[in-house]
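See structure below.
The values are calculated or read from the model by the stated rules, or taken from the named source; none is laboratory data. Remember, predicted model here, so these are calculated numbers, not experimental data. As a convention, Cβ positions derive from the backbone with ideal geometry for all residues, glycine included, and neighbour counts pool all protein chains shown. Side chains included, ligands, DNA and RNA excluded: accessible areas come from the protein's heavy atoms. Shrake-Rupley method; radii C 1.70, N 1.55, O 1.52, S 1.80 Å.
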Amino acid sequence: MLLLEISLALGFIGCLVMINQSGDLNNIELTIGMVLIWSLSSPICQTVIVSSTTCKIKELGLQQQQARMMGWMTASGSIGRIILPLIAGAFYTWHNNYADVFIFSSSIAAIAFIIPLLFRVESYYRKRRLTNS
């Protein structure tokens, strides 16, 4: 899970790099942001999520439903790759500024970073409570 959190943080930083209120996004900012998002964050997240889901399915003894669950996960990823660019395009059309698109992307990446972090903290305190009892 730590690898997933690091990967999500890299995606968040990539979006922050590309937020430029002046409207002039130079090639260096664009390259750094895109490398962080598409070369580091996205492939690592995809790999970690698929492998951890497969391990959890085996751990729960649901091998008969593995294909169905992996299909749902793949379909939801495809829907996200269709809908989120439409939302980003709508942001750009409404505000005529691409900085708003990256602010929106940064907020989604921040939420995706915070949720696993909260689960990690909660499980830490639960284990600590059980050992102290």
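So the values come out like this:
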item	result
Lys/Arg +1, Asp/Glu -1 at C-beta; segment 1-131 dipole; positive extreme among Thr131, Phe12, Phe104	Thr131
Solvent-accessible heavy-atom area per residue, rounded to whole Å², over the chain at 1.4 Å	70
Helical contribution to [θ] at 222 nm, DSSP H n ≥ 4, -39,500 (n - 2.57), averaged over the chain, rounded to 500	-28500 deg cm²/dmol
Carbon plus sulfur fraction of accessible area for the chain, probe 1.4 Å, in percent	69
As computed over the chain, the Cα convex hull volume per residue (Å³)	125
